[in-house]
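Below you'll find the structure, written out as structure tokens, and then a few comments.
Each value in this text was obtained by applying a stated rule to the coordinates, not by laboratory testing. Just so it is clear, the model here is predicted, and its values are computed rather than measured. Cβ coordinates were reconstructed from backbone atoms using ideal geometry, including for glycine residues, and neighbour counts include every protein chain displayed.
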Amino acid sequence: MINEIKNACLKAFESGEVGYIIGWQATRFADKTTPLFMRSAEDVEKLVWNKYCVNSTAKYALEDKYPEKKIGIILRGCDSRAVARMISDKQLKRENLYLIGVVCDGKEDPICATCSHKTPVIYDVLIGQPTTEEISPERFAEVEKIAAMTPDERYNYWAVQYDKCIRCYACRNVCPACNCVECYADQYRTGWQGKAHNRAENQVYGLTRAYHVGDRCIECGQCERVCPMNLPIMSQTRKMLKDINDLFGPTECGLTIEEAPVLGEYDLNDREEFM
Amino acid sequence: MLLPKEKLSEALGALAAEANVIAPVKWEGDVFFMPYKGGDVCLEGNGKLPPKDVLFPKTEKMYSYSIAKGTMTEHNDAAATILFGVRSCDAASIERLDKVFLEQGYKDGFYSAKREGLAVIAMGCDKPMATCFCTSMGIDPMKAEVADVQMCPVEGGFTVEAVTEKGKEIVKKWDSLLDKKSKAKPAKVECSLNINVPEDFEKKLMDMFESPIWDDVTKACLGCACCTYVCPTCYCFDINQDVHGDEGTAFRCWDSCMFSDYTRMAGGHNPRPSKKERLRNRYLHKLAYYKDRHGKYLCVGCGRCIANCPAHLDITAFAEKAMEVE
Amino acid sequence: MCDHNHNDPNHVCTCSDNPLVPQVCKVIKITAETPDVKTFRIQTLDGKKPFAPMPGQLAMISLLGVGEAMFSITAQGEDWIESSIKRTGMLTDALHEMTEGQTIAVRGPYGNHFPVDDCKGKDILFIGGGIGLAPVRSFIRYAIEHREDYGHLDVLYGSRSSADLVFKDDLFENWPKVEDLDVHLTIDRPEEGWNGSVAFVPAFLEQKAFDPAGKKVVLCGPPIMIKFCLQSLLKMGFSKENVITTLEMRMKCGIGKCGRCNIGSKYVCLDGPVFTMSELDELPDEK
Amino acid sequence: MSVKENWEPKILAFCCNWCTYTGADLAGLNRMKYPENVHVIRVPCSSRVNPQFIIRAFQKGCDGVMVCGCHPGDCHYATGNYYTRRRFMLMKRLLEHNGIDPNRFVCRWISGAEAAKFRDVVTQVSNQIKAMGPNEKFREPYYLEKEAE
């Protein structure tokens, strides 16, 4: 598999349209890889493809919105949904990207157990045999576990989680759905998000972010992977996705590049609860 | 002198009677320095977060005021604390913070009150983790810099050695528990991760301010504050007000040089606009600026930033790449 | 650098034993210098000076309930200190809506100060741009009070328009009366009713063609002006150790702890804000 | 937590300017009595209410929050309340997921003519919350300390 990816990268460089390609490279630790930015053919040698390629490669393209040449990205299933997410959020242009899709074999990341899209949804060239996809029954297991608790137990469960949160904003910086130019938390002069590190401010941050990305979350699991304090961040957004499924019909985000967010549109005969 | 392993919780219980004891305890799946309430202590590896928030809390009230009455009351209630289970790297970080908060220009009233009330019981390291590299930063895993009591794990218990007056008082409290005859000595320990830092590495780093190495070293960084908030020697803070109508409280809280508004000025100018300048400033502060000012590296080799970085960046990989640049 | 030993009797400061806790004071006089600059005269509640700053030192001024920021102290009298503040942000907006007599909280003095001693016996050329004249003015007033210690003084000051000239009473009445002191004023664009020079400060500086012999330069203004003035000064033969400037950085604690105002290993609030150009060259040029 | 006997709940009501606010005004004109522990905030449209307002309201000491707007189809801005409907159906469930009792967050359509409905809804919500007692969840430290005194 790795040689096919390397050949795809070399072909991309020969075409002359691609400025750099984002992939993975080894680190001094056997169980960790780090994103690699290949600018020329020699860099392609450093590319690796193993079960430790857990970093998402897609969001780095956001930092280079007006590239002279195309940005090459090697996409696993979830990365391709991240790219689709950012394109439908009008943050990336499809013509600026050269997408090398690779059918994923599942990585060393708990989210891969419930992955429903090992085959990339969007690509210029595909490597590997497309697999049949189906939504994992375990998708909302975590949400149901919390729903089974009493309200006070639920609150205390989340209170302990938000006591741990150290507000490093790694979950925001890695999330492809969190792609605002200036995040509300950075405009702290306006008082939306306090700077204090206490449970209350962490709750406001946690809930606001869950609500901002809830209807566009592609369930890539990066937020839970990067959280240094291991908070169950996904179960907040998956709660919203579960409600969206129940109320507005089955949805999976980031599958096409013209997908309007659920809260960005409406339907005249939505369920009526507030009469 | 040796404190047998099974007597440890009894020893800590004795201390907890008079002062509040902070010890590494397993909570929610990780080890954290938390108030000790009986039960056993977890001495594998190191705390997920450093013990620095005993001296430099995440959020700390400074003073409350009433706008109408124009009155101002200071909050500086520091209780005597005993910090148990501090590894040599974290103890070295306390020494680095002391230089900043107690000497550099002014004495910080909040920090110094807590520091005087603190007794440090250091615990040597017999099994360093894969990401530890304290020996490369000139730190002896078995001898902590600011320890009041130095303990080292040996066969069947811990050697105990009082270093300062405070330490002697603590050891006196443990008198009945100690086995005075044992001559056990801790074994020499070497970290698996090593970088040999050359002489005046900081001068070379400071001359590399414009070098192109910074572009590809910082490219994979996500610009989050994970590395700064798990780092034992990061001491940047922000000052803010919590205002409620007529009265308010000024507090200081952790801040990170990796945030976008850290150096953004009122007019909007920002000398460090992107993650490249910020990460460069962070690496240089750890490996150059602090040494240029105080003679010691600000990085104590605890490896927490390597273990927790979402993009798996690594300060030792950067240091090695910087050493190759002429 | 005033290194704050609190047992020196004549050293007055608000540090108490905790430098981060300010002292409540009141604003006794507010003079509107220009549409967006006001000068605030501050005094403690019992009518004394909160502290005795050296020229060029800074004060952390906070409006209770709004915020805190660092400002240069432009002047001091027997029982007051003065700071000129331009309206640019959240705190300065609130300050500009203050009325006289309201309380304000102050702590300081912070930072080093202009090298008043090694400028002794030399001519001094003060160059200011816009609000940049405020920190420079503290040294001008010091030089006027110790007039005999210094040689010929020149004040070269420019701003966008005549309405934007700060400290108009000093510029037009007080300073011209001081012996052996020349005031040179310029504005950026022509205006009717203004017969003085019309030029940017760096160009105006080159027209004046000052002779660098035995002359020190104190320069402060927007970064772009400092950059071009320095080029003109070097063309005229000034050496970098004789050009002194005071820097602006984001500051939160003011006492060299919170880590954000560093340029290389130097902290602008502790080792600065006053640096000579030669010192600045040794620091990494974070723009 | 001992509930002080004469404890009055603090309820915040975001009322859309074109329908509910007019309805509340009409209730006042007709001398209809409704509990005074409801603080009304006028918003141009019910979809102007940002979910963060709700979290901040609970933080700053409110015991209940209401969002009231025009009936679907009557919105002065044509589609505002359709977005509100989706937004707060999800918000209600997310708050429930985090332990807030769903009865503490109420969203209702009240038109300009339904003064009686406004009074009934507000009275019903106020009694409901009074029965539930003060809200302890999401409280800012400042309010927790103030209650402790």
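Quick one: of A:Lys69/C:Lys252; B:Lys58/C:Lys48; B:Lys69/B:Lys107; A:Lys118/A:Lys239; C:Lys252/D:Lys10, which pairs are farther than 31 Å apart, Cα to Cα?
Check vs 31 Å cut-off fails for A:Lys69/C:Lys252; B:Lys58/C:Lys48; C:Lys252/D:Lys10.
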Problem set entry | Euclidean distance of C-alpha centroids, the range B:120-142 and the range A:60-112, integer Å | 41 Å
Exercise. Say the dipole of chain D comes from +1 at the beta carbon of Lys and Arg and -1 at that of Asp and Glu; which of D:Pro134, D:Gly73, D:Pro51 then lies farthest toward its positive end?
Worked result: D:Gly73
Exercise. Using the alpha-carbon atoms, what tilt in degrees (0 to 90, nearest 10) does helix A:77-88 show relative to the longest principal axis of chain A?
Worked result: 80 degrees
Exercise. Rounded to the nearest 500 deg cm²/dmol, what is the calculated helix-only ellipticity per residue at 222 nm for chain B, with -39500 (n - 2.57) per DSSP H run of length n ≥ 4?
Worked result: -7000 deg cm²/dmol
For this session: Using only the alpha carbons, work out the radius of gyration and Dmax of chain B in angstrom.
Result: 21.3, 69
For this session: Please work out whether the range B:51-149 counts as rounded, prolate or oblate from its C-alpha gyration tensor, where a ≥ b ≥ c are the square roots of the eigenvalues and a/c under 1.5 means rounded, while otherwise a/b larger than b/c means prolate and anything else oblate?
Result: prolate
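What does the charge dipole of the range D:11-148 about its Cα centre add up to, to the nearest 20 debye, if the Cβ of each Lys and Arg holds +1 and the Cβ of each Asp and Glu holds -1? Before the final figure, lay out each step's value.
Details: 19 positive and 12 negative charges, 50 e Å.
With Lys and Arg at +1 and Asp and Glu at -1, about 240 debye.
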For this session: Please name which of B:Ala225, B:Ala266, B:Leu205 has its Cα lying farthest along the dipole of the range B:201-324 towards the positive end, using unit charges on Cβ (Lys, Arg +1; Asp, Glu -1) and the Cα centre as origin.
Result: B:Leu205
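For the range C:23-110, what percent of Cα pairs sit more than 21 Å apart? Before the final figure, lay out each step's value.
On the way: 674 of 3828 pairs.
Tail of P(r) above 21 Å: 18 percent of Cα pairs.
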For this session: Report the one residue of C:Gly237, C:Leu91, C:Phe114 whose Cα lies farthest in the direction of the positive end of the charge dipole of chain C (charges on C-beta: Lys and Arg +1, Asp and Glu -1; origin at the Cα centre).
Result: C:Leu91
Exercise. Rule-of-thumb check for the range A:22-142: C-alpha Rg over 2.2 N^0.38 Å?
Worked result: 1.08
Exercise. By counting other Cβ atoms within 10 Å of each Cβ, how are D:Tyr77, B:Tyr65 ranked from fewest to most?
Worked result: D:Tyr77, B:Tyr65
Exercise. In debye to the nearest 20, how big a dipole does chain A give about its Cα centre with +1 on each Lys and Arg Cβ and -1 on each Asp and Glu Cβ?
Worked result: 920 debye
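From the C-alpha coordinates alone, can you work out the Kirkwood hydrodynamic radius of chain C, in Å?
After inverting the pairwise mean of 1/r, the radius is 19.4 Å.
Which value, to two decimals, describes the C-alpha radius of gyration of the range C:54-177 once divided by 2.2 N^0.38 Å? Walk me through the intermediate numbers first.
Numbers: Rg = 15.5 Å, N = 124, 2.2 N^0.38 = 13.7 Å.
Dividing the Cα Rg of the range C:54-177 by 2.2 N^0.38 Å gives 1.13.
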For this session: Name the residue, out of C:Phe210, C:Phe139, C:Phe40, whose mean-square fluctuation peaks in a Gaussian network model built on chain C with Cα pairs under 10 Å.
Result: C:Phe210
Seminar exercise, completed: Computed from the beta carbon distance with a Förster radius of 51 Å, FRET efficiency for B:Trp27 and B:Asn270 to the nearest 0.05 stands at 0.85
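Counting pairwise Cα distances across the range A:137-264, what percent come out greater than 26 angstrom? It would help to have the intermediate numbers written out before the result.
Working: 1786 of 8128 pairs.
Of all Cα-Cα distances in the range A:137-264, 22 percent exceed 26 Å.
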Seminar exercise, completed: Across B:304-316, the residue-averaged tally of Cβ atoms belonging to other chains within 10 Å stands at 5
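On a 32 Å Cα-Cα criterion, which of the cross-link pairs B:Lys52/B:Lys276; B:Lys127/B:Lys321; C:Lys120/C:Lys177; A:Lys93/D:Lys137; A:Lys11/A:Lys59; A:Lys93/B:Lys276 come out too long? Kindly include the intermediate steps, with their values, before the conclusion.
Details: B:Lys52/B:Lys276 27 Å; B:Lys127/B:Lys321 28 Å; C:Lys120/C:Lys177 21 Å; A:Lys93/D:Lys137 43 Å; A:Lys11/A:Lys59 23 Å; A:Lys93/B:Lys276 24 Å.
Over 32 Å apart, Cα to Cα: A:Lys93/D:Lys137.
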For this session: Report Rg(Cα)/(2.2 N^0.38 Å) for the protein assembly as shown, keeping two decimals.
Result: 1.03
Seminar exercise, completed: For chain C, the helices passing both cut-offs (Cα extent along own axis of 15 Å or more, Kyte-Doolittle mean at least 1.6, full DSSP H runs) are none
Problem set entry | Estimated Rh, chain A: Kirkwood, alpha-carbon pairs, angstrom | 20.0 Å
Exercise. Averaged over B:257-266, how many beta carbons belonging to a partner chain fall within 10 Å of each residue's beta carbon?
Worked result: 6
For this session: Kindly rank A:78-86, D:28-36 from highest to lowest mean number of other beta carbons found within 10 Å of each residue.
Result: A:78-86, D:28-36
Exercise. Charges only on Cβ, +1 for Lys and Arg, -1 for Asp and Glu: so what's the dipole of chain C about the Cα centre, in debye to the nearest 20?
Worked result: 620 debye
Problem set entry | Max mean-square fluctuation residue, GNM over chain C, Cα-Cα springs under 10 Å, options C:Lys26, C:Lys266, C:Lys86 | C:Lys266
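From other protein chains only, count the Cβ atoms within 10 Å of every residue's Cβ in C:17-29, then give the mean. Present the calculation step by step, with values, prior to reporting the outcome.
On the way: counts 6, 12, 5, 12, 11, 5, 1, 6, 1, 1, 0, 0, 0.
That works out to 5 on average.
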Problem set entry | Relative contact order %, the range B:201-324, counting alpha carbon pairs below 8 Å whose residues are six or more apart | 32 percent
Exercise. Most mobile of B:Pro35, B:Pro186, B:Pro273 per a Gaussian network model of chain B (Cα springs, under 10 Å)?
Worked result: B:Pro273
Exercise. Per the Kirkwood treatment, what hydrodynamic radius in Å, one decimal, follows for the range C:123-246 from the mean inverse distance over all distinct Cα pairs?
Worked result: 14.5 Å
